[in-house]
Amino acid sequence: MDAKDILGLPKTAHPLSQEKKSRPQKESQRKPDGISREVYALIGGVPPLMPAVETSQLKKRPPTDEKITWQWLPFTSSARKDNLQLYHWVRVVNGVPPTGDYSFAKYNKSVDVVKYTDEEYEKYLTDPMWTREETDQLFDMCQRFDLRFIVIADRFPSSRTVEELKDRYYSVSRAILIARAASPADVSGHPIVKEPYKVAQERERKRALSMVLSQTKHQERKDAEVLAEAKRIAEARMVARSAKELELPVTLNDGLENNERALVPGETVSPSSNSQFPSGTVAPSTLMAENASTLGSLKMLRVYLRTYALDQMIQAASSSAGLRTIKRVEQSLQELGVNLKPRVPTKAVCSHHLELRKEILTLLNLQKQLQYKEAEGSSYRDSPYETPGTPKDRTFVPDSMSFGGERVVKRDQKRKAPGRAEAPSSPAQSKRPRKLKASDL
């Protein structure tokens, strides 16, 4: 007895339709050549941090026609004046040793110290503070130690400071260069002649540097606060100066408002509302607000081009206008023979250019407003309906026709004016009073 007998199931064998789902096989990482199995097991398949040398380079053999050997050969360096001969290992190819100067001789750099004669010294270089022997010793040590004045001051026989040694060396070199030149203009570009050494400035620099290095943390914080305050004041002055340079005349908008009040009598133009203007026009108050915001954004910039400021002002002035209006403004400028961008963008030219654009835009707005008012007036004139405020047309009814002909007159009036909003008033009739309800009390 098995489970099928207990459950009462037939003993017919069912084919195994369900197959085991095959698991995706993991990609086996092949061990690269040149690495042992133990080392590859330690890194766990992760690539090494340092790039490994390719095995092709390890197995690469030198060409068979070249025979390379290393030999212990002597050499001399042009950087030395004593012709000292030393030895080193050299790579020799096919038995031919390399020729030429020592490869590191090119790094031997020396300073060209000016040399003077006895005649030049007596004529140009005499100084009561320096003797001839001290000057000769100074120039010999400058040649020997390559102008390392700290070492020269340490080994100089007499007690001289570094500033005094520098001043004597550079003053003598400058005098010799100027005396040997055909004209002073020939050596005016030389660094020693162009920028002479200043002893007082060097001493003041070292004194200030020593003060900075010897100050405490509290003094450093106070200095940082002072510098931050000075920077803030300088930025405020720069912003004020740039605001004065960018200041443009705004009296044009006020004049436009007055003109608009004169054109439309009996109406009050509110500067804060744009409902008085038809669609596609720009109110003067909008132009003033956009110019003010543009000026405020430009004040934050320290350095900018005037053409960039002009473009920003033009965009601000034309932002509320439509694309067709902007094209009409540019077309008007071209008809007047004015460039779309000034060729010489000075302050006055940019101011007048922007003022001209505003005037053209205002003219187009006024033309649109005039067309709007004319269309509105023509619609009132052509309308068959009564215009508000005008007296009503009344048909004259003679007394002879009033008896028994009142209904005929009313019928004729309806035929003549079927669209009348208001019919002729009829005499008032007496009505009975309405009863009061409880809700009315």
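Amide hydrogen proximity for residue 92: with H placed 1.01 Å from N in the peptide plane, the residues at 5 or more positions away or on another chain lying under 5 Å are 69, 70, 71.
Could you pull out the pairs from 327/373; 341/368; 198/231; 166/206 whose alpha carbons sit more than 19 Å apart here?
Numbers: 327/373 24 Å; 341/368 26 Å; 198/231 30 Å; 166/206 14 Å.
Where the Cα-Cα span goes over 19 Å, the pairs concerned are 327/373; 341/368; 198/231.
Rolling a 1.4 Å probe across all protein chains gives residue 218 an accessible area of roughly 110 Å².
Once R0 is set to 51 Å, what does the formula 1/(1 + (r/R0)^6) return for the Cβ-Cβ distance between residue 199 and residue 346, expressed as a FRET efficiency to the nearest 0.05?
Values: r = 47 Å, r/R0 = 0.92.
Step by step, r from the Cβ atoms, then E = 0.65.
So how do 6, 314 rank on accessible area, 1.4 Å probe, biggest first, that is with the largest at the start?
Working: 6 125, 314 25 Å².
The most accessible residue leads, giving 6, 314.
Provide the gained length on full extension for the span residue 73 to residue 381, in nm with one decimal, where the gain is 0.36 nm per separating residue minus the Cα-Cα distance.
Details: separation 308, 0.36 × 308 = 110.88 nm, distance 11.86 nm.
Contour length minus the Cα-Cα distance gives 99.0 nm.
In the assembled protein chains, residue 217 presents an accessible area of approximately 140 Å² (probe radius 1.4 Å). In the assembled protein chains, residue 372 presents an accessible area of approximately 110 Å² (probe radius 1.4 Å).
Give, in nm to one decimal, the length gained when the segment between residue 92 and residue 219 is fully stretched (0.36 nm per residue of separation minus the Cα-Cα distance). Please list the in-between numbers first.
Numbers: separation 127, 0.36 × 127 = 45.72 nm, distance 6.60 nm.
Length gained between residue 92 and residue 219: 39.1 nm.
A 1.4 Å probe over all protein chains sorts 149, 104 by accessible area into 104, 149, starting with the largest. When all protein chains stay in place and ligands, DNA and RNA are ignored, the 1.4 Å accessible-area order of 106, 31, largest first, is 106, 31. Fully extending the segment from residue 151 to residue 66 would add 25.4 nm, taking 0.36 nm per residue of separation and subtracting the current Cα-Cα distance.
The values are calculated or read from the model by the stated rules, or taken from the named source; none is laboratory data. Note that the structure is predicted; figures quoted are calculated from it, not measured. Neighbour counts are summed over all protein chains in view; Cβ atoms, including those assigned to glycine, are modelled from backbone coordinates with ideal geometry. For the accessible areas, the whole protein counts, side chains as well, though only heavy atoms, and no ligand, DNA or RNA atoms are used. Shrake-Rupley method; radii C 1.70, N 1.55, O 1.52, S 1.80 Å.
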